[in-house]
Structure formats: structure tokens, C-alpha cells
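**Q** There's a structure below that I have some questions on.
No lab work stands behind these numbers, since they all come straight from the coordinates. None of the values given here were measured: they were computed from a predicted structure. Cβ sites come from the backbone with ideal geometry, for glycine too, and all protein chains shown count toward neighbours.
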Amino acid sequence: MLSQIEQSKLDRPLLEEVKYEEIIRTMGVAIFNDLLVEVSIWSDYGLQKIIGKIPKVSPVTKQIQVENDEEYAWIGIEDIMDIILL
């Protein structure tokens with residue numbers, strides 16, 4: 001029998017290649033121009049959002065760092081569902 005937590009987990013949506021390419025382009029514009037972005041991040045329980053700038057990218061771990069005045073987070077590129085320039 002599945003626990004209530006396991007039952008409430010959501011399946012990860014698959015991004016179309018066009019959407020993935022749009023996310024990569026938007027990241028590039030944000031990094032090059034030092035722009036603020038809103039990143040939608042996949043979690044097992046739904047989308048989370050973080051607003052900030054992208055100061056670092058790690059090609060080794062395939063993560064980006066998003067930081068603002070209050071916090072910073074390393075986010076796996078595969079967990080990014082959308083990025084919007086602000």
C-alpha cells in the first residue's frame with residue numbers, strides 16, 4: 001500500500017525539444033545581459049518558482065545557480081520547466 005505522500009507525488013512532465021531550446025536561449029540572454037528571471041522548477045509535488053539572476057552555470061553538474069537578495073539555489077537543468085525574463 002502506498003503512503004499518502006507517495007500518492008500525492010506528480011509525474012514529471014516531458015518538455016518538447018522546442019521548449020527546451022527556448023529555455024536554453026532565455027538562460028543565455030539572462031546571463032549575457034545580467035537580467036532578472038523567474039525560473040519554474042519541477043518538484044515531486046508541483047512547480048516551484050524562484051526569482052533572481054543566474055550568476056553561474058556548471059556544465060559538469062548540469063546546474064545553474066539562481067540568486068537574489070535573500071537566497072541562492074543550485075538547480076538541475078533537467079528540473080527547469082520554464083524561464084521568464086523579468
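**Q** Quick one: Karplus J couplings for the stretch 44-53, per residue in order, coefficients 6.51, -1.76, 1.60, θ = phi - 60°, nearest Hz, x for Gly and Pro?
**A** Calculated HN-Hα couplings, in order: 5, 10, x, 7, 10, 10, 9, 10, x, 10 Hz.
**Q** Something else: Does the stretch 21-85 come out rounded, prolate or oblate, given a ≥ b ≥ c as the square roots of the eigenvalues of its C-alpha gyration tensor, rounded meaning a/c under 1.5 and, failing that, prolate meaning a/b above b/c?
**A** Rounded.
**Q** Place a point 7 Å from Cα of ASP79 in the direction of its Cβ. Which residues in the stretch 16-48 have their backbone N less than 12 Å from it?
**A** 40-48
**Q** So how strong a dipole does the chain carry about its Cα centre when Lys and Arg Cβ are +1 and Asp and Glu Cβ are -1, to the nearest 20 debye?
**A** Here the chain has a charge dipole of around 120 debye.
**Q** Of VAL60, GLY28, ILE50, whose Cα points farthest to the positive end of the dipole of the chain (charges on the beta-carbon: +1 Lys, Arg; -1 Asp, Glu; origin at the Cα centre)?
**A** With unit charges placed on the Cβ atoms, the residue in question is VAL60.
**Q** To continue, here is another question. Give the angle, between 0 and 90 degrees and rounded to the nearest 10, that separates the Cα long axis of helix 17-33 from the longest principal axis of the Cα atoms of the chain.
**A** That works out to roughly 40 degrees.
**Q** Taking only DSSP H segments of four or more residues, each worth -39500 (n - 2.57), what value at 222 nm results for the chain once the sum is divided by all its residues, to the nearest 500 deg cm²/dmol?
**A** One gets -7500 deg cm²/dmol as the mean residue ellipticity at 222 nm.
**Q** How many nm separate the modelled label positions at ILE24 and LYS56, each set 7 Å beyond the Cα in the direction of the Cβ?
**A** 2.3
**Q** Using Cα pairs under 8 angstrom and six or more residues apart, how large is the relative contact order of the chain, in percent?
**A** 28
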